[in-house]
Amino acid sequence: MRGQISRLGASALAALLVACSPASLLNVTVPRSGYRVVRDLAYGADPRQKLDLYIPDGLKTSAPVILFFYGGSWDSGSKSWYLAFGQAFASKGIVVAIADYRVYPQVKYPAFVEDSASAFRFVHENVARYGGDPNRLFLAGHSAGAYNAVMLASDPRYLREVHADPVWIRGVIGISGPYDFLPLKSPELINIFGGDRREETQPIRYIDAKRPPMLLVTGSDDTTVLPRNTKRMAARLRSFGTDVREIVYPDVAHIGIILSVAKPFRARTTLREDIVTFVTTH
């Protein structure tokens, strides 16, 4: 989803983020101790069908697992930019998988959701050898990545098509995600989704029964993906008996919310603690 870069509080850093990739700025601040990274595990044949695993040091028992999909309007992004996300939760004893997936113009909807399903199956089948517990596997994502994660839980056919079982989803964490965002206005998004009003592209339309527990969060100042997406999705889930926690962080916008898991920005929100609590209680 396109929009203006969010206000971060530190205006100088916000200006730099406009000009530079997140990796060039945030990755240099991320601690390198306490975990190891296994890079470029292939869950498919395409060069973008790969993921990185962040594995906490000293695991004595199998650990819960978060599979994270980043945002980028379904046309950009790289798992290499999200070292801060991997460290934030590996430092809490959680195995983290961060997946690349195919994006536009290489593919259009629903290929990025199909890739997400394949990544999920791969993690479930392989994470035990790295110390992760496949029975405690959580989906997570920011922005377009939150769409991917929530769509997998909302419409189980994507997982079934890759011979994965929807009951493998222990919970879902959606960060500033678009779940109910028609009509589309951006020409690129209309092209990606094959039209401006295709109801079948909306995760909220598939909530017709109880779904896995969800933590849905957003920022009150998000003008890129409006907070009403989170509010409507949470309400729909509750109406069918899903265990859902909804949080709106005050004075936080679209980029600021995902930055707040990184060590220099953790005072901005309680997102890191809220995710850890969600994972440990489910």
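The values are calculated or read from the model by the stated rules, or taken from the named source; none is laboratory data. The structure presented is a predicted model; accordingly, all values stated were derived computationally and were not measured. Positions of Cβ are generated from backbone atoms using ideal geometry, with glycine treated the same way; all protein chains shown enter the neighbour counts. SASA here: full protein model, heavy atoms, side chains in, ligands and nucleic acids out. Shrake-Rupley method; radii C 1.70, N 1.55, O 1.52, S 1.80 Å.
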Mind checking whether some residue in the range 49-67 is under 21 Å from Val225 (Cα atoms) and either within 13 Å of the chain's Cα centre (by Cα) or open to solvent by less than 10 Å² (accessible area, probe 1.4 Å) (or both)?
no
Identify, please: which residue in the range 49-76 is assigned to a loop (DSSP other than H, G, I, E, B) and closer than 17 Å to Asn135 by Cα and is, among those, modelled with the lowest pLDDT?
Lys60
Odd one out for Gln106 among (1) farther than 24 Å from Ser33 by Cα; (2) not in a loop (DSSP other than H, G, I, E, B)
(2)
In the range 149-167, which residues are within 15 Å of Pro134 (Cβ to Cβ) and outside any loop (DSSP other than H, G, I, E, B)?
Leu159, Pro166, Val167
Count of residues meeting criterion [surrounded by 24 or more Cβ atoms within 10 Å (Cβ to Cβ) and assigned to a helix (DSSP H, G or I)] in the range 89-103
1
May I ask you to verify whether Ala253 is aliphatic (A, V, I, L, M) and over 14 Å from Ser176 (Cα atoms)?
no
Listed by first then second residue, the pairs whose first member lies in the range 46-64 and is of a type in the set (Val, Ile, Thr), whose partner is open to solvent by 10 Å² or more (accessible area, probe 1.4 Å) and assigned to a strand (DSSP E or B), with beta carbons under 8 Å and at least 6 positions apart or on separate chains, are Ile55/Tyr35; Ile55/Arg36; Ile55/Val37; Ile55/Val38
Kindly list the number of the only condition in (1) surrounded by 12 or more Cβ atoms within 10 Å (Cβ to Cβ); (2) modelled with pLDDT under 95 that fails for Val37.
(2)
Does at least one position in the range 123-133 carry a residue that is under 23 Å from Thr218 (Cβ atoms) and either surrounded by fewer than 19 Cβ atoms within 10 Å (Cβ to Cβ) or out of contact with any Cys (no Cβ under 9 Å at 6 or more places or on another chain) (or both)?
no
With respect to the numbered conditions (1) modelled with pLDDT under 95; (2) in a loop (DSSP other than H, G, I, E, B), which one is the sole condition not fulfilled by Asp46?
(1)
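Is it fair to say Gln4 is open to solvent by 20 Å² or more (accessible area, probe 1.4 Å), under 28 Å from Pro187 (Cβ atoms) and either modelled with pLDDT of 95 or more or assigned to a helix (DSSP H, G or I) (or both)?
The answer is no for Gln4.
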